[in-house]
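In what follows, a single structure is set out as structure tokens and then discussed.
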Amino acid sequence: MRLAVCPPLYFPPLSVLALAARADRFAMGDTFVYSRQSGMNRMRIRSTAGAMWLTVPVGTAHGRRVDEVRLDGWPEAARHAKKALRFGYGKAPFYEHYIDDLHALLDTPFATLADLTVASTAWLFERFGLDAPLRASALPGAPGDLAAVVEAVSPSSLVALPEALAHDRAAVATPVEAMAWTEPTYRQPFPGFVSGLSAVDALLMRGPRARDLLGG
């Protein structure tokens with residue numbers, strides 16, 4: 001059984017969904033320690049200037065597990081996200097098809113960053129035809145790091161994003177393989193192509209055909 005494990009991300013990029021498409025099980029580390037340098041509380045979307053970050057303010061987060069990090073001003077951040085998505089994707093081919101469901105998600109009164117990231121990831125997974133992610137907090141002992149998750153699941157191998165390969169190989173004894181995937185280009189709402197955006201971009205532009213971008 002091939003396992004993929006990722007920190008919880010706010011509307012993650014296509015690369016994370018491509019990773020999930022190559023694994024038999026995909027686990028989100030909602031018990032992992034918060035990292036300010038990650039996309040745990042921010043997503044990247046298209047804008048006329050190229051790209052922009054939508055950030056969710058969090059309370060005291062340094063050194064705390066993601067499931068302990070409280071959201072700070074979530075309703076206002078959700079309103080800002082809805083406005084930015086309308087400006088960036090209001091004329092996208094599938095904006096009207098998905099926007100009501102997306103607004104319903106953003107209107108949810110999430111209490112913790114873990115709740116928000118798991119929900120946003122699960123929302124994307126469902127629309128890309130992927131199995132719902134497994135929460136690390138649902139595993140025995142609620143393992144708090146990669147090695148503990150791997151021990152709890154006991155996979156035959158781990159598949160990792162290329163940028164995480166060295167870290168993952170150093171953290172676990174289980175064989176770790178790099179994901180083979182190159183992000184494809186596709187039409188975005190403004191001229192040119194920007195890589196590394198949230199998978200929301202591909203979904204609103206391509207609808208059900210966005211799944212084809214994952215390969216695997």
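The values are calculated or read from the model by the stated rules, or taken from the named source; none is laboratory data. It should be emphasised that the depicted structure is a prediction, and the values quoted were computed from it without experimental measurement. So basically every Cβ, Gly included, is an ideal-geometry build from the backbone, and we count neighbours across all protein chains shown.
Things to note:
Table: residues versus (1) over 25 Å from Ala49 (Cβ atoms); (2) in contact with a helix residue (DSSP H, G or I) (Cβ under 8 Å, 6 or more places away or on another chain).
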residue	(1), (2)
Asp168	yes, yes
Ala178	yes, yes
Glu183	no, yes
Val194	no, no
Val200	no, yes
Leu204	no, yes
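- Scanning the range 31-83 for residues that are of a type in the set (Lys, Arg) and under 30 Å from Gly141 (Cα atoms), we see that the one that is modelled with the lowest pLDDT is Arg36.
- Consider the range 84-116 and keep the residues that are under 20 Å from Asp67 (Cα atoms) and small (Gly, Ala, Ser). The one that is modelled with the highest pLDDT is Ala114.
- Filter result (in contact with a strand residue (DSSP E or B) (Cβ under 7 Å, 6 or more places away or on another chain) and within 21 Å of Pro208 (Cβ to Cβ)) within the range 86-116: Gly88
- Qualifying residue in the range 164-181 (condition: farther than 25 Å from Ser35 by Cβ and within 19 Å of the chain's Cα centre (by Cα)): yes
- Filter result (out of contact with any Gly (no Cβ under 7 Å at 6 or more places or on another chain) and either among the hydroxyl-bearing types (Ser, Thr, Tyr) or crowded, with 24+ Cβ neighbours inside 10 Å (or both)) within the range 24-36: Phe26, Ala27, Met28, Gly29, Asp30, Tyr34, Ser35
- Hits in the range 37-53 - residues which are surrounded by fewer than 23 Cβ atoms within 10 Å (Cβ to Cβ) and either small (Gly, Ala, Ser) or over 15 Å from the mean Cα position of the chain (by Cα) (or both): Ser38, Gly39, Ser47, Thr48, Ala49, Gly50, Ala51, Met52
- Qualifying residue in the range 68-90 (condition: surrounded by fewer than 22 Cβ atoms within 10 Å (Cβ to Cβ), touching a residue at least 12 places away in the same chain (Cβ under 8 Å) and of a type in the set (Val, Ile, Thr)): no
- Within the range 145-160, if we keep just the residues that are crowded, with 18+ Cβ neighbours inside 10 Å and in contact (Cβ under 8 Å) with a residue 24 or more places away in the chain, the residue that is nearest to the chain's Cα centre (by Cα) turns out to be Ala160.
- Residue within the range 117-126 that is modelled with pLDDT under 95, under 23 Å from Tyr10 (Cα atoms) and surrounded by fewer than 19 Cβ atoms within 10 Å (Cβ to Cβ) present: no
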